[in-house]
Each structure stands twice: as structure tokens, then as C-alpha cells.
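Structure first, commentary second.
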Amino acid sequence: MSKQYNDDFKKNLVRLHLQDGRTIISLASEYGVSKSAISYWIKQFREECQSNAESKSEYDYMKENQRLRKKLAEAQKENEFLKKAAAFFAKEID
């Protein structure tokens, strides 16, 4: 007994994986979908990107968004480290 999912639902899970960096395992447990189904949808989307320019641009957008999120998270970590270092050295001066 297989369950039918609409295209918007599938596309949302693919977007969560590719753009937001969510793991297939976490998506499967959260949405109650098998890991193999999600993997297949991702594979289908990537294949569609080879022939469909609109899908290709959407895929590129997702990857760029993911890259920028990682870069922002890294910058935020560095900023927090620098704040702590500045506070440490400010105490040393006193």
C-alpha cells in the first residue's frame, strides 16, 4: 500500500534537503516518508535539471542559498569568538 504525495510536497522536501541542508534521515522521520522515496525525488529533480532550464536555475539558486547560509554561520561563529577574545583581553588590561 503505497502513499501518493503531491508534487508540491515532494518539491518542498527536495528544497529542504538541497537548500537548507537537512539530512534525508531527518526529513524522513519528520514527515513520515521513506528515505528511499526522498532520495528518488532528489534524483528525479537533478535529472530534470539536465533538461529543464527553469529547474536548473532553481537548483542553482538552492545551492547558492545553501553556500551563503554556511558562510553566514561561519562568520557568526568567528564574530562570537572575536567578542569573547576581546572581552578576555579587556579583563587582562584592567
Each label sits 7 Å from Cα toward the beta-carbon; between ILE25 and GLU54 the label points are separated, in nm, by 3.6
Rounded to the nearest 0.05, FRET efficiency between ASP8 and PHE89 (Cβ-Cβ, R0 30 Å) equals 0.05
Dipole axis of segment 7-93 (+1 Lys, Arg; -1 Asp, Glu on Cβ), positive-most option in LEU18, PHE88, SER36 = PHE88
Candidate values (1) 44; (2) 21; (3) 30, label of the one derived for percent of Cα pairs over 23 Å apart = (1)
Which of the aspartates and glutamates could a cross-linker bridge to LYS70, judged by Cα under 12 Å and excluding same-chain residues fewer than eight apart?
-> ASP20
Calculated from DSSP helices alone, with each H run of at least 4 adding -39500 (n - 2.57) and the total divided by the residues of the chain, [θ]222 nm to the nearest 500 comes to -28500 deg cm²/dmol
Efficiency of FRET from Cβ geometry, GLU80 and LYS43, R₀ 25 Å, rounded to 0.05 = 0.10
How much net charge surrounds GLU48 when only other residues with a Cβ under 12 Å from its Cβ are counted (Lys, Arg +1; Asp, Glu -1)?
-> +1
Kindly flag which residue pairs out of LYS10/LYS63; LYS3/LYS71; LYS11/LYS77; LYS63/LYS84; LYS56/LYS83 have an alpha-carbon separation exceeding 29 Å in this structure.
-> LYS3/LYS71; LYS11/LYS77; LYS63/LYS84; LYS56/LYS83
Net charge contributed by nearby residues that have their C-beta within less than 14 Å of ASN12 (K/R +1, D/E -1) | -1
Charges only on Cβ, +1 for Lys and Arg, -1 for Asp and Glu: so what's the dipole of the chain about the Cα centre, in debye to the nearest 20?
-> 220
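Coordinate-derived values only; no laboratory data. Note that this is a predicted model, so its numbers are computed, not measured. All Cβ positions, glycine included, derive from the backbone under ideal geometry; neighbour counts span all protein chains shown.
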